[in-house]
């Protein structure tokens, strides 16, 4: 028999054995884990067994990975984040393990459909937006590249919220009970439970040596129960851990009160403690909400620091090598208390001197800043911080005293500058600046896009840059191509692989080879066909969820991101109204048919953002019901934006709306995901849009609006929105329609606050100033869409130039320049198949 034929036979034989092994593993879990036979098993039972059979294979890699890290005593990075928006894990794990075909064939032989079962997996409610999704992409890239890494977060039982709309189009929040049927990827680790003191006071431990020996006393104790979620790298060699902590109480049930019928008081302490991990981002417009949010942030870092120390002490009797073996990354300011907590641990529990401890702390910790917006830079009431973590407050005061004294050497007697760099803002109500704490306690601070990092130094931290000019750097955000192309867009992925092979999956720069096929009409047709398939899939989802039909031949113009005024969903919505009025006024107007798709959640306490959602839904209701225009314009707000929805929405988009005011968006990653999946960007020169423009070329992206410098100049000159409105008669007509209640017939005046905020409130994010250019550019994109070949060539160029926006590149930069860690090769384990 020829050698090639023999290899084929052997491969098929191995495949059959693998399918049999997986099928037996599936059936084993059905009987012995779920306690069911085939006839009584529900689809949910079968999903659980499928996930557990895959998890068995993941755990082999996880155990081998952890054993390797321990035996080699490698330096590891610990990524602290309040959010990890990981998305569904089944498909990612199957693809990264390389067992997709095997699993699907084994299920087929059992009479099951993989996609049907995979669709039952809940979307883990562990995050909200780009911050959490970035953290998830980085964990996946760290594992793919073989870097020793752990994520630390909170296991939120109810997440942020599930979003629906009432009959007036208003956002309604309901609990996201994603753990109601269990979650097969999470594994409890009760043996690593940690104790975290909170509240109480600081006393003095008398030792007779006339020195200050602080002692935290009369505190309450929170218990942090770890739950591990394995993160598998592509190729299945490395499986790192995301460790999530859930709060529980050591306070026993007061049986006396309980037996007397006083159930609430008997359980009060336990309920109060366990509330800490109940929801993500409790509303902080109330005193109780602020207290809970601060407690959450402290709980995360207290649990994480204790876990890091426990792991470090497996190999070390002292802390001399701590900074050489541990790198801590703070993902935004939420975990900034890690600086004070690690310092407190070394001083209070290890007995180090201040300078020795501080040397380790700042060499260990690094900080990523994600925003320039003052309202998003956390500040905590000094009184609340002192009450919640009194010992940390003392440490913060001493850190500040020593730092300000050091800063004087660079800043001199510039008391204004010294006040700006202080950890404390001495306003009528003294506050602690968490961003300043993160900068002072870190050895490196990075922004997340080139322009953001420049503005970080020039505007947010210029005084710190005078003190430490080498402490600031840039690491532009990235996305993992495994989830955002390979898994989310199989049709396009297959077309790419047929042309250039599969190496792009782990080396996104290889996409550049696609440019050689720019004149290949057959390939362009495949890209077009893939887009059509994805648009049909989204249209089916939208029809199912909202009842709105989106013809795939329309332009799918998509804006999907967290709802915030600076992201300017309202700018988009105003132009939708403009288009509608034009079509109504001139039935013969020749505009290409357009479907405007929105998806976003607004924070529960953010009234204006929720009003914008209501307005968009009201516009959609009017536009979609108008028979004279509905064939040329449709609008839909898809509820409950999350990873699972974005994986359907992003591959279907023709136009990617990235329209924040220049200088407000730190980077963005949605812009990268859309471009990688063949959507053309309509955006401002903000965040990573600038780097995308530089990568794809100015002729292959649609840029409008003011630059950062022009925004600054206009503010300095005194921006008067009314002056710009007079030059934009189409926008005046839009405002008239809103004030005439054309979209609020049942609730007169409902949307006038939107107009008032723009005209009377100063239009802080300058929608009116940028409106005319936005409208012209959006129309120009519509005209280009008619020329399918020209459009598809631009699409191909965008896909081919997305290599620099891989999270693999981002992670390498962090590893080499900030964390100083090396990849570790995990030896193979015996294959199941």
Hits in the range 145-162 (condition: surrounded by 22 or more Cβ atoms within 10 Å (Cβ to Cβ) and either out of contact with any strand residue (DSSP E or B) (no Cβ under 9 Å at 6 or more places or on another chain) or closer than 18 Å to residue 603 by Cα (or both))
156, 159, 160
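Mind counting the residues in the range 460-486 that are part of a loop (DSSP other than H, G, I, E, B) and either in contact with a helix residue (DSSP H, G or I) (Cβ under 9 Å, 6 or more places away or on another chain) or buried (at least 20 other Cβ atoms within 10 Å of the Cβ) (or both)? I'd like the intermediate steps shown before the answer.
As a first pass, look at the range 460-486 and keep what is part of a loop (DSSP other than H, G, I, E, B): 461, 468-471, 475-478, 480.
Among the residues that remain, those that are also either in contact with a helix residue (DSSP H, G or I) (Cβ under 9 Å, 6 or more places away or on another chain) or buried (at least 20 other Cβ atoms within 10 Å of the Cβ) (or both) are: 461, 468-469, 471, 475-478, 480.
Matching residues across the range 460-486 total 9.
Table: residues versus (1) in contact with a strand residue (DSSP E or B) (Cβ under 8 Å, 6 or more places away or on another chain); (2) modelled with pLDDT of 95 or more; (3) surrounded by 15 or more Cβ atoms within 10 Å (Cβ to Cβ).
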{"residue": "10", "(1), (2), (3)": "no, no, no"}
{"residue": "20", "(1), (2), (3)": "no, no, no"}
{"residue": "28", "(1), (2), (3)": "no, yes, no"}
{"residue": "32", "(1), (2), (3)": "no, yes, no"}
{"residue": "49", "(1), (2), (3)": "no, yes, yes"}
{"residue": "55", "(1), (2), (3)": "yes, yes, yes"}
{"residue": "58", "(1), (2), (3)": "yes, yes, yes"}
{"residue": "65", "(1), (2), (3)": "yes, yes, yes"}
{"residue": "71", "(1), (2), (3)": "no, yes, no"}
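Please state which one of 493, 453, 430, 410 is buried (at least 18 other Cβ atoms within 10 Å of the Cβ) and over 22 Å from residue 140 (Cα atoms). Before you say what the answer is, go through the steps one by one.
On the way: 493 fails: over 22 Å from residue 140 (Cα atoms); 430 fails: buried (at least 18 other Cβ atoms within 10 Å of the Cβ); 410 fails: buried (at least 18 other Cβ atoms within 10 Å of the Cβ).
So the residue among 493, 453, 430, 410 that is buried (at least 18 other Cβ atoms within 10 Å of the Cβ) and over 22 Å from residue 140 (Cα atoms) is 453.
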Out of 443, 392, report the one residue that is modelled with pLDDT of 95 or more, in contact with a helix residue (DSSP H, G or I) (Cβ under 9 Å, 6 or more places away or on another chain) and outside any helix (DSSP H, G or I).
443
Candidates 577, 619, 648 - the one that is at pLDDT 95 or above, in contact with a helix residue (DSSP H, G or I) (Cβ under 7 Å, 6 or more places away or on another chain) and closer than 20 Å to residue 127 by Cα:
648
Breaking point among (1) within 21 Å of residue 130 (Cβ to Cβ); (2) without any contact (Cβ under 8 Å) to a residue 40 or more places away in the chain, for residue 691
(2)
So, first residue under 19 Å from residue 570 (Cβ atoms) in the range 772-783, second residue part of a helix (DSSP H, G or I), Cβ within less than 6 Å, six or more apart or across chains; the pairs are 775/575
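To keep it simple, each residue is scored yes or no on (1) touching a helix residue (DSSP H, G or I) at 6+ places or on another chain (Cβ under 9 Å); (2) within 25 Å of residue 295 (Cα to Cα).
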residue: 136; (1), (2): yes, yes
residue: 148; (1), (2): yes, no
residue: 151; (1), (2): yes, yes
residue: 155; (1), (2): yes, yes
residue: 160; (1), (2): no, yes
residue: 164; (1), (2): no, no
When the range 810-823 is checked residue by residue, the ones that are surrounded by fewer than 17 Cβ atoms within 10 Å (Cβ to Cβ) and touching a helix residue (DSSP H, G or I) at 6+ places or on another chain (Cβ under 8 Å) are 822, 823
Checked against (1) under 13 Å from residue 743 (Cα atoms); (2) over 26 Å from the mean Cα position of the chain (by Cα); (3) surrounded by 16 or more Cβ atoms within 10 Å (Cβ to Cβ), residue 614 satisfies every condition except (2)
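Do the conditions hold for residue 727, that is, is it under 18 Å from residue 569 (Cα atoms), touching a helix residue (DSSP H, G or I) at 6+ places or on another chain (Cβ under 9 Å) and surrounded by fewer than 17 Cβ atoms within 10 Å (Cβ to Cβ)? Can you show your working first?
Working: under 18 Å from residue 569 (Cα atoms): no; touching a helix residue (DSSP H, G or I) at 6+ places or on another chain (Cβ under 9 Å): yes; surrounded by fewer than 17 Cβ atoms within 10 Å (Cβ to Cβ): yes.
Considered against the rule, which asks whether it is under 18 Å from residue 569 (Cα atoms), touching a helix residue (DSSP H, G or I) at 6+ places or on another chain (Cβ under 9 Å) and surrounded by fewer than 17 Cβ atoms within 10 Å (Cβ to Cβ), residue 727 comes out as no.
Checking the conditions here, which among 553, 515 is more than 28 Å from the chain's Cα centre (by Cα) and outside any helix (DSSP H, G or I)? If you could, list the steps in order and put the result at the bottom.
On the way: 515 fails: outside any helix (DSSP H, G or I).
Of 553, 515, the one residue that is more than 28 Å from the chain's Cα centre (by Cα) and outside any helix (DSSP H, G or I) is 553.
Show me the helices (runs of 4 or more DSSP H) found entirely inside the range 56-123 where at least 3 residues are over 18 Å from residue 487 (Cα atoms). First the steps, then the outcome.
Working: elements: 90-97, 100-110, 114-118.
The helices (runs of 4 or more DSSP H) meeting that bar are 100-110.
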Got at least one residue in the range 487-505 being under 30 Å from residue 632 (Cβ atoms), touching a residue at least 60 places away in the same chain (Cβ under 8 Å), in contact with a strand residue (DSSP E or B) (Cβ under 8 Å, 6 or more places away or on another chain) and not in a helix (DSSP H, G or I)?
no
What residue, of 368, 333, is buried (at least 23 other Cβ atoms within 10 Å of the Cβ) and out of contact with any helix residue (DSSP H, G or I) (no Cβ under 8 Å at 6 or more places or on another chain)?
368
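Looking at 580, 566, which one is closer than 27 Å to residue 739 by Cα, more than 24 Å from the chain's Cα centre (by Cα), touching a residue at least 24 places away in the same chain (Cβ under 8 Å) and part of a helix (DSSP H, G or I)? Before the answer, list the steps.
On the way: 566 fails: more than 24 Å from the chain's Cα centre (by Cα).
After ruling out the rest, the residue left standing is 580.
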Restricted to the range 374-383, and to residues that are in a helix (DSSP H, G or I) and within 24 Å of residue 460 (Cβ to Cβ), which residue is nearest to the chain's Cα centre (by Cα)?
376
Considering only residues that are out of contact with any helix residue (DSSP H, G or I) (no Cβ under 6 Å at 6 or more places or on another chain), surrounded by fewer than 18 Cβ atoms within 10 Å (Cβ to Cβ) and touching a residue at least 12 places away in the same chain (Cβ under 8 Å), which ones fall in the range 166-178?
168, 173, 174, 175, 177
Can you run down the residue pairs with Cβ atoms below 6 Å, 6 or more apart or on separate chains, where the first is in the range 225-240 and over 12 Å from residue 150 (Cβ atoms) and the partner is in a strand (DSSP E or B) and modelled with pLDDT of 95 or more?
225/246; 227/188; 227/244; 232/239
If you check residue 509 against the conditions, is it part of a helix (DSSP H, G or I), surrounded by 14 or more Cβ atoms within 10 Å (Cβ to Cβ), in contact (Cβ under 8 Å) with a residue 60 or more places away in the chain and more than 27 Å from the chain's Cα centre (by Cα)?
no
Going by the conditions given, is residue 768 buried (at least 16 other Cβ atoms within 10 Å of the Cβ), in contact with a helix residue (DSSP H, G or I) (Cβ under 6 Å, 6 or more places away or on another chain) and over 30 Å from residue 475 (Cβ atoms)?
yes
For the range 742-760, enumerate the residues that are out of contact with any helix residue (DSSP H, G or I) (no Cβ under 8 Å at 6 or more places or on another chain) and in a loop (DSSP other than H, G, I, E, B).
745, 746, 747, 748, 749, 760
Complete set of residues in the range 336-363 that are touching a strand residue (DSSP E or B) at 6+ places or on another chain (Cβ under 8 Å), assigned to a helix (DSSP H, G or I) and surrounded by 20 or more Cβ atoms within 10 Å (Cβ to Cβ)
338, 339, 342
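Does residue 522 count as out of contact with any helix residue (DSSP H, G or I) (no Cβ under 9 Å at 6 or more places or on another chain), modelled with pLDDT of 95 or more, surrounded by fewer than 18 Cβ atoms within 10 Å (Cβ to Cβ) and over 30 Å from residue 810 (Cα atoms)? Show your work before the answer.
Numbers: out of contact with any helix residue (DSSP H, G or I) (no Cβ under 9 Å at 6 or more places or on another chain): yes; modelled with pLDDT of 95 or more: yes; surrounded by fewer than 18 Cβ atoms within 10 Å (Cβ to Cβ): yes; over 30 Å from residue 810 (Cα atoms): yes.
Against the criterion (out of contact with any helix residue (DSSP H, G or I) (no Cβ under 9 Å at 6 or more places or on another chain), modelled with pLDDT of 95 or more, surrounded by fewer than 18 Cβ atoms within 10 Å (Cβ to Cβ) and over 30 Å from residue 810 (Cα atoms)), residue 522 qualifies.
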Only one of these conditions is not met by residue 308: (1) touching a strand residue (DSSP E or B) at 6+ places or on another chain (Cβ under 7 Å); (2) under 23 Å from residue 183 (Cα atoms); (3) modelled with pLDDT of 90 or more. Which number is it?
(2)
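The values are calculated or read from the model by the stated rules, or taken from the named source; none is laboratory data. Everything numeric in this text was worked out from a predicted model, so none of it was measured. In this analysis, Cβ positions are derived from the backbone assuming ideal geometry, glycine residues included, and neighbour counts consider all displayed protein chains.
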